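All remarks here apply to the structure that follows.
The values are calculated or read from the model by the stated rules, or taken from the named source; none is laboratory data. What you see is a predicted model, and the numbers here were worked out from it, not measured in a lab. Here Cβ is always computed from backbone atoms with ideal geometry, including for glycine, and neighbour counts include all displayed protein chains. The accessibility values were calculated without ligands, DNA or RNA, using every heavy atom of the protein model including side chains. Shrake-Rupley method; radii C 1.70, N 1.55, O 1.52, S 1.80 Å.
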Amino acid sequence: MSRIGKNPVAIPAGVTVEVNGNIVTVKGKKGQLTQEFSDVSVKIEDGQVLVERFSDHKDERSKHGLYRSLINNMIIGVSEGFTKQLELVGVGYRASNQGQKLDMALGFSHNIVLEVVSEVTVETVSEKGKNPIIKLTSFDKQLLGQVAAKIRGFRKPEPYKGKGVKFVGEVLRRKAGKSA
């Protein structure tokens, strides 16, 4: 039995979970998320969501824990939300935002302007003597990770000086430079 899949997901106060056919809909104070599922059954019993598989077929075993984790992330997202922070490491690297437009100076000849989707909230923090930080907040974990990866992809951290866009707390594998 899947160790993750067999655990029930508790539904907190203020969150409603509905199952219609093979679609799960989760509504909360932060927003609404839907997820389609297959090869498993989803039941709601006394304030908990239970994910059960029909047999021990390989496809069903692999999707058992997956759908339980997706439903858990949906419930956490609509009740609490998710946050990712990106740090700009490098001389002259800056970030600013006007609403959903993120303007970044990452060492190229022109600034990079990114229009962030409305589900993701953008905030930039620039303190003197510290690296600029981009804070992304959303109720959709998958979309948040996608936007963060897109921003990081503009200038990935390089292994010699560590310059680039990295996640706060990310440990980079550093290399030694040329030795004379």
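Hey, does region 21-38 have a residue that's outside the structural domain of residue 150 (by the TED database) and over 30 Å from residue 150 (Cα atoms)? Let's see the steps before the verdict.
As a first pass, look at region 21-38 and keep what is outside the structural domain of residue 150 (by the TED database): 21-38.
Applying the additional criterion that residues be over 30 Å from residue 150 (Cα atoms) yields 21-22.
The answer is yes; a qualifying residue exists.
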As an exercise: evaluate residue 180 against (1) among the aliphatic types (A, V, I, L, M); (2) closer than 13 Å to residue 87 by Cβ; (3) open to solvent by 100 Å² or more (accessible area, probe 1.4 Å) and give the number of the one condition it does not meet.
(2)
Residues to consider are 35, 85; find the one that is in contact with a Gly (Cβ under 9 Å, 6 or more places away or on another chain) and polar (S, T, N, Q).
85
Are there strands (runs of 3 or more DSSP E) fully within region 63-147 with at least 1 residues that are hydrophobic (A, V, I, L, M, F, W, C) and open to solvent by 50 Å² or more (accessible area, probe 1.4 Å)? List them.
112-115
